[in-house]
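Take a look at the structure set out below.
The values are calculated or read from the model by the stated rules, or taken from the named source; none is laboratory data. Since the structure is predicted, the reported quantities are computational estimates derived from the model, not experimental observations. All Cβ positions, even for glycine, are placed from backbone atoms using ideal geometry, and neighbour counts span all protein chains on display. Note: areas computed on protein heavy atoms with side chains; ligands, DNA, RNA excluded. Shrake-Rupley method; radii C 1.70, N 1.55, O 1.52, S 1.80 Å.
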Amino acid sequence: MNDIKPKFCCIAATDFCMLRCKMCNKWQEPLPKKEELPSLEEWKNFISGFRELVDKDFELDFGGGEALSMPGILDLIKFAKQKGFRTTVASNGYLIDKEMAKKIGNSGLDAISLSLDSFRPEVHDRIRGKSGVYQRLMEALDNLSRYSRNTKKGICCIIMNENIEDLLTLTGWAEENDLVDWLYFMVVVQPNYSGPLTDNWQDEYQYLWPKDKNKVLSVIEELIRRKQNGSKISNRVEHLRAYKAYFNNPQKFVNRAKCIVGGKAISVNAYGFIQLCLFKDFIGNIRDNDIRELWYSQDAAAIRNKVNDCKTNCHLLLNCCYIEDDQSLYST
C-alpha cells in the first residue's frame, strides 16, 4: 500500500460564491461559521504534509465556491509554490480587478481556469445568475494579462441547453484571443449539492438538458473537427466523442477503467474534511489528522476497496477524469 501515491488534489477552500449558477446548488447551502474553518496555519500544515506524499511538480488545485473570495488564499498559493507545487485556481473571474491581478502575479500562480459559458453577455449572465458577470470576466482576462503575465489563462465552458447556439462562436473567439491559452469543455450533469446521484435528474432540471439532441451532437462533432485541426481545445478527441455518447444516451456507462478519482485523489472541503471520493465517507479532517497517516490508514484502504467495486455511472469520470480510448465506449 505504501507505493500508492496521490494523483490529484483539490482544495475547495471556501463554500462562498457571489453567483447563483443554474447548474450548481452550492450557493443555497449554509455557510460554515468562522470557528468551523481551518486556520491558514492548518491549511499550510496540510500542504506541507501532503508534499511528502507526492512526486515533484505535483499540481495542487484550488477551488470553491469562488476560491479567490477566501481570505488568505493567495498566501496559501504562494506557500504551495514555495513547497514545489504547481498551482491552479478555478474562478468565475468576478473578483479579479487590477489589485487582485497583481496579487495573483505575486503569488506565483501557474494557471487559472475562468468560467465562461457564452460569448453573449446576456446568456452568460443569465446562466450564472448575476448581471455583469461577463463584463467582469473580460476585465479579469485583461487584468491578468497585464499584471500576472506568468499565469496561464484558460476558459472552462459547460455544454448545456442555453448555450448550444453559442459554443462555436465562443470557440472561435478563444482561438483568436491571444489572452486565452486553452479552452476546456464540460458537459452539464446533475447539479452539485442536489442530493444523491440519480438517473432521472434531467426530469427536475429540464432547463439544463439540451432539447435538440441532433444540434448538440453536430456541435460537438464540429468541436472534434477543430480539435483535430490544432484548436486550443484541451479536451482529447476521445473525450469529446464520449460527450457525444453521453448526450445521445446519458445512462450509458462511458468509462470501464477503475475509478482514478476515489483511489488516488484527495478532495478537502472548506471545513477541512478529507475525501477520496466525493460520494463516500470522510477519512479525516486536516485540523485533527496528519494527511501522511490518513493516506495509509485503514479508513482510506476501505474507501479504495469500495471504489474498486463501484459500478456507478459517475459523471466525475466523464467531465474531469476521462481516460478511455475504447471506441465501443464513446460510439453513438
Looking only at residues in segment 271-287 that are in contact with a Gly (Cβ under 8 Å, 6 or more places away or on another chain) and either open to solvent by 30 Å² or more (accessible area, probe 1.4 Å) or at pLDDT 95 or above (or both), which one is farthest from I47 (Cα to Cα)?
-> K280
Could you say whether any residue in segment 194-205 is of a type in the set (D, E, K, R) and part of a loop (DSSP other than H, G, I, E, B)?
-> yes
The residue that is farthest from M160 (Cα to Cα), considering only those in segment 210-240 that are in a loop (DSSP other than H, G, I, E, B) and over 24 Å from the mean Cα position of the chain (by Cα), is N229
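Here's the yes/no breakdown for (1) of a type outside the set (G, A, S); (2) farther than 16 Å from L116 by Cα; (3) touching a His at 6+ places or on another chain (Cβ under 6 Å); (4) modelled with pLDDT of 95 or more:
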{"position": "I155", "(1), (2), (3), (4)": "yes, no, no, yes"}
{"position": "T169", "(1), (2), (3), (4)": "yes, no, no, yes"}
{"position": "W173", "(1), (2), (3), (4)": "yes, no, no, yes"}
{"position": "Y193", "(1), (2), (3), (4)": "yes, yes, no, no"}
{"position": "K215", "(1), (2), (3), (4)": "yes, yes, no, yes"}
Kindly indicate the residue of segment 1-33 that is assigned to a loop (DSSP other than H, G, I, E, B) and among the aliphatic types (A, V, I, L, M) and also nearest to M70 (Cα to Cα) among those meeting that condition.
-> A13
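Could you tell me how many of the residues in segment 309-332 are open to solvent by 70 Å² or more (accessible area, probe 1.4 Å) and modelled with pLDDT of 65 or more?
Number satisfying all stated conditions: 4.
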Tally the residues that are over 21 Å from V219 (Cβ atoms) and free of Cβ contacts under 8 Å to residues at least 40 places away in the same chain, restricting the search to segment 124-161.
-> 7
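Per-residue answers, yes or no, for (1) of a type in the set (D, E); (2) closer than 25 Å to Q135 by Cα:
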{"site": "F62", "(1), (2)": "no, yes"}
{"site": "G65", "(1), (2)": "no, yes"}
{"site": "P71", "(1), (2)": "no, yes"}
{"site": "A80", "(1), (2)": "no, no"}
{"site": "K83", "(1), (2)": "no, no"}
{"site": "T87", "(1), (2)": "no, no"}
{"site": "N92", "(1), (2)": "no, yes"}
{"site": "D97", "(1), (2)": "yes, yes"}
{"site": "I104", "(1), (2)": "no, yes"}
Considering (1) surrounded by 16 or more Cβ atoms within 10 Å (Cβ to Cβ); (2) closer than 17 Å to Q82 by Cβ, say which one A13 fails and leave the rest.
-> (2)
Can S218 be described as under 22 Å from W27 (Cα atoms), without any contact (Cβ under 8 Å) to a residue 12 or more places away in the chain, open to solvent by 30 Å² or more (accessible area, probe 1.4 Å) and of a type in the set (S, T, Y)?
-> no
Selected residue (criterion: most open to solvent (accessible area, probe 1.4 Å)) from residues of segment 23-33 that are in contact (Cβ under 8 Å) with a residue 40 or more places away in the chain and out of contact with any Lys or Arg (no Cβ under 9 Å at 6 or more places or on another chain) | E29
Would you point out which residue out of Y184, Y205 is in contact with a Ser or Thr (Cβ under 6 Å, 6 or more places away or on another chain) and surrounded by 12 or more Cβ atoms within 10 Å (Cβ to Cβ)?
-> Y184
